[in-house]
Amino acid sequence: RDEPYTVDLTSCDREPIQYIGAIQPIGFLLALDGDWQISQVSANVADHLGLSVEDLLGDPFRSAFRDEAIHEVRNRLSVLNGPNAVERTFAVQLQNNGALYDLAIHRSGEFSVIEGEPHIGAGTLNAGAMVRSMLERMQGPSSLVTEAVRLVHALTGFDRVMIYRFAADGSGEVIAERVRPDLEPYLGLHYPAADIPQQARALLVRNPVRLLVDVEGEPIPLATLPARANTPLDLSMSTLRAHSVMHIEYLRNMGVGATMTVSLLRDGQLWGMISCHHMTPRHVCFEQRTTVELFGQMLSLLIEKRERAEIEAYKAHTHRLRQDLVAAVIERGSAAESIAVLANRMSELVPCDGIAVCIDGVVKLDGDTPTAAECDALQGFLAINAAGQIYTTAQLGQVYEPGRSFVDRAAGMLVLPISRAPRDYIVFFRRELPHFVSWAGKPDKLVVNGPEGPRLSPRRSFEAWREIVRGQSAAWTPAELAAAEVMRVTLLEMVLQQAGMTEVENW
Ligand code: BLA
């Protein structure tokens, strides 16, 4: 390339990993044209089938294999449904030599792709039974993700099995781990978004299980009919695709010998993944991978179900609190008094370290808050920013300069205006988090000087590195905002009533 190589964080995102044109050596690949002519084969085909690339390229698929095998492949191709469908069939005898293969069959553009791996199942695996028993154990008292890493370890034997969860910014954290006792745990470590580029994430959504059997394994190129040389095969849905050298370098730097990644999706989006590492090469046969894939899908559903249940419980809690609020006002007859009492109960829904209730110029403080004088001084800021709507910040010192002096007591605030007058508020404060993020390696050390000049490169060091984040509280979540909004409307209605604008009987 003549043009200077520009280094930026999107360079990684542009590597066309699905057109890598190579597979891993554990199996072979055949791509058939519309008329079932073999137009691409992996260069290692002779190792598996005893037929050379030259024997196969350009020949009809029919000529090389047993009738039953051809029939099976044809059937599988006919039931493929949609661009992400992969049919699988185990222990198929392709030739008259007794050798059995597990096949993955899918369509890629105009090609039908057949990938084969020697069948090594001992016949004891029954995916359905296994997943069923795994699910039963997941009903137990330990947390879903903790149980999941234990079960995936039991099933696959990887040295390290992690559940990795993505944050909104694409970074992620290891939230559960089962690791060989002599290895350093990664639990709690954060990894920056750039570790998994965009196109790799897109593939993880489409193709939920990726195995890399041997980080040092020599990739096997695909041989192509000359007439097809300009139609590179899209390997997005391949099970054997070789991995990007960028990622290989990353894994080498980590000291990893083999990986398996199982996507966990929520509403069709990447929620997280089960990430497995082995320190030496490790082969997980296709049948087992299929079981793990099924398990991953079940786990995704369980996580989704649990999160929905949490949201429902939270909503119900909000509703109960709203009713209590209304009842309390009716009983006491004074909204201001009830609000002070109920503000405390609201911290069940909106966890905080301190509360300030400001009504009619009177400030009541509870817990860790700015002082009364500091709250008074804050009023001008609130009048501008929280007029008639909820206002939140997790970095008060950034938006309100004087806030820096009380950051130790109140670094974040959620402001609930409770009347139409711009002076009545409930303010929930959160302390500065003793905040550090443990990154696996310093995330900003990504550009290195290589032979071709500076380029973006996977990190070399994964030693835990603590980023100290100052002046920040825990974030206010969308659920907390929604609950606060319900409370705002309820309180507003009550304050209006107190002002005699509506009849209490209306409740
Ligand atoms: C892919 N990087 C990945 C994948 C994971 C990670 C899981 C998908 C691997 C797969 O398909 O099996 C990263 N693995 C992790 C993380 C953990 C883990 C965070 O276990 C945490 C526990 N990587 C870089 C940089 C680049 C890069 C700087 O660090 C680009 C210059 C590239 N990562 C990169 C590429 C892929 C990848 C290209 C896709 C690999 C492929 O499918 O061919």
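Bear in mind these aren't lab numbers, they're just calculated from the coordinates by the rules spelled out. Treat the numbers as computed from the prediction; the structure is a model and nothing was measured. FYI the Cβ positions are ideal-geometry reconstructions off the backbone, even for glycines, and counts take in every protein chain you see.
Can you give the local net charge around ALA43? Use residues other than it whose beta-carbon is closer than 12 angstrom to its beta-carbon, Lys and Arg +1, Asp and Glu -1. Result for the neighbourhood of ALA43: -3.
Counting other beta carbons within 10 Å of each residue's own, what order do TRP476, TRP36 fall into, fewest first?
On the way: TRP476 20, TRP36 17.
Ordered from fewest to most neighbouring Cβ atoms within 10 Å, TRP476, TRP36 come out as TRP36, TRP476.
Under 5 Å from the amide H of ALA91 lie the amide H atoms of TYR101, ASP102, LEU103, each residue being 5 or more positions distant or on a separate chain, with H modelled from the backbone and absent for Pro and chain starts.
For ARG180 and ASP214, a Förster radius of 22 Å and the Cβ-Cβ distance give a FRET efficiency of 0.75, rounded to the nearest 0.05. Computed from label points 7 Å out along Cα-Cβ, the spacing between ALA91 and ASN385 is 6.7 nm. For the pair ILE311 and ARG404, label points projected 7 Å from Cα toward Cβ lie 4.0 nm apart. I need to check one value: relative contact order of region 12-306, counting alpha carbon pairs closer than 8 Å and at least 6 residues apart, in percent. Relative contact order, region 12-306: 23 percent. Normalising the average separation of contacting C-alpha pairs (under 8 angstrom, six or more residues apart) by the number of residues puts the relative contact order of region 339-381 at 27 percent.
Taking label points 7 Å from Cα along the Cα-to-Cβ direction, ASP376 and ILE330 give a separation of 3.9 nm.
Based on DSSP H segments of at least four residues, each scored -39500 (n - 2.57), the chain has a per-residue ellipticity at 222 nm of -10500 deg cm²/dmol.
Find the relative contact order for the chain and round it to a whole percent, using C-alpha pairs within less than 8 Å whose residues are 6+ positions apart. Please list the in-between numbers first.
Working: 908 pairs, mean separation 69.7, N = 507.
Relative contact order for the chain comes out at 14 percent.
Would you tally the net charge around ARG431, using a Cβ to Cβ cut-off of less than 9 Å, leaving ARG431 out, and scoring K and R as +1, D and E as -1? Intermediate values should be presented prior to the final figure.
Values: positive: ARG409, ARG430; negative: ASP353, ASP368, ASP408, GLU432.
Result for the local shell: -2.
Between LEU225 and ASN344, what's the calculated FRET efficiency when r is the beta-carbon distance and R0 is 60 Å? Round to 0.05. Show your work: numbers first, answer last.
On the way: r = 75 Å, r/R0 = 1.26.
After rounding to 0.05, the efficiency reads 0.20.
Could you let me know the centre-to-centre spacing of region 25-91 and region 317-381, using Cα atoms, in angstrom? Their Cα centres are 70 Å away from one another.
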